[in-house]
Amino acid sequence: MSTEQDPTPTATREWRERIVEGRFAGRTVVVTGAGSGIGRATASRAVREGAHVVGVDVAAERLDGLADELAGAGGGGRLTPVGADITDDASIASVLEAAGGRVDALANIAGVMDDMSALHEMSDAVWRRVFAVNVDGTMKLLRAVLPGMLERGAGSVVNTASEAALRGSAAGAAYTASKHAVVGLTRSAAFAYGPSGIRVNAVAPGPTVTGIEVKVTTQFGPARLGSARGIMPAAVPAQVLASSITWLLSDDASNVNGVVLASDGGWSAA
Ligand code: NAI
């Protein structure tokens, strides 16, 4: 008898998407990183559940054709593509403008990986870039949508953390620190704005099949991280993460505020 186990999480072996018709009807949802991976899957899901999605990506060409593709997908929603860099204040203003001044929900998904460096071998450039996108960008857009949400007394935000926000063995020093910062931002905002009708949660994805790039440039960190890979589950399709994110974003999670939802096939339990 073989003792080998299928590493695919049980729940995703036969997973299929189940659309909740009209869940985001009448809502404007900003989704960053909409050109690729988890952001693209989330934008697609929200449109097919009725949202007007403002799909944001710094690589504007990745949004080409997405609006047309989703217009034919049914569900009553639509996508407005916006080429914008979430680290840039003028770009943030263009996102709000594309939303027509009203943002009901925000999925802060755009992010970049580091090079898996441990701290003593990490460059300032890697630290700055990773913090600029993952922390500054996430903060800037969240800060920008809050005044409107406060005015309406309603809003929902999902920030994207990572398994690297839950443990020290999932990525390099810069990425790990940046995703821990995302969790701090999430909890602070959840506490501050919960009584004002605004929910702020985070998702912590485990391995997911996307276009995210890792350029390894050092040796110590990557070698040490390699020793922790044994407990990592197999990667899941981006649609599986979109399912967790849209749930948190929607009224289905109306009593959930300030959580970090590990969507990782159980990795965080190991
Ligand atoms: P991806 O690389 O496939 O997609 C990210 C998108 O964000 C890209 O299209 C990119 O152009 C865009 N982007 C990058 N910087 C931007 C900026 N300054 N302004 C606007 N858009 C920008 O990556 P993936 O995997 O879909 O990542 C999405 C999020 O999930 C990230 O926050 C990442 O850290 C997180 N994550 C991913 C995991 C994985 O296994 N793929 C695991 C844990 C977390």
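Quick notes on this structure:
- Net charge of Cβ neighbours under 12 Å - reference R143; Lys, Arg +1; Asp, Glu -1: -1
- Comparing A181, I198, I245 along the charge dipole axis of the chain, the residue lying farthest to the positive side is I198, per the Cβ-charge model.
- Residues R102, R23, R152, ordered by accessible area of protein heavy atoms at a 1.4 angstrom probe radius and largest first, appear as R102, R152, R23.
- Considering only S227, S244, S94, the mean-square fluctuation computed in a Gaussian network model of the chain, springs between alpha carbons under 10 angstrom, is largest for S227.
- For R199, residues with placed amide H under 5 Å, excluding near neighbours: G155, S156, V157
- Interchain or long-range residues, amide H under 5 Å from S263's placed H: A204, G206
- Gaussian network model of the chain, Cα within-10 Å springs - most flexible of G148, G35, G230: G230
- Residues of the range 1-148: accessible area per residue with a 1.4 Å probe, Å²: 48 Å²
- Rounded to the nearest 10 degrees, the inclination of helix 89-98 to the longest alpha-carbon principal axis of the chain is 50 degrees.
- Compared with the dominant Cα axis of the chain, that is its longest principal axis, helix 238-249 is turned about 50°.
- Among K179, K140, K215, the largest mean-square fluctuation in a Gaussian network model of the chain (Cα springs under 10 Å) belongs to K215.
- Ligands, DNA and RNA left out, the accessible area of the chain computed with a 1.4 Å probe is 52% carbon and sulfur.
- Cα principal axis extents for the range 174-270, largest first, Å: 48, 26, 25
- Along the axis of the charge dipole computed for the range 23-269 (Cβ charges of +1 for Lys and Arg, -1 for Asp and Glu, origin at the Cα centre), the listed residues T32, N159, I86 are led at the positive end by N159.
- Pairwise FRET efficiency - I231 versus L119, Cβ, R0 = 30 Å, nearest 0.05: 0.85
- Dividing the C-alpha radius of gyration of the chain by 2.2 N^0.38 Å, with N its residue count, gives 0.98.
The values are calculated or read from the model by the stated rules, or taken from the named source; none is laboratory data. Because the structure is a prediction, the values reported are computed rather than measured. Quick reminder, even Gly has a Cβ in these numbers, built from the backbone with ideal geometry, and neighbours come from all protein chains shown. Heavy atoms of the whole protein, side chains included, go into the accessibility calculation; ligands, DNA and RNA do not. Shrake-Rupley method; radii C 1.70, N 1.55, O 1.52, S 1.80 Å.
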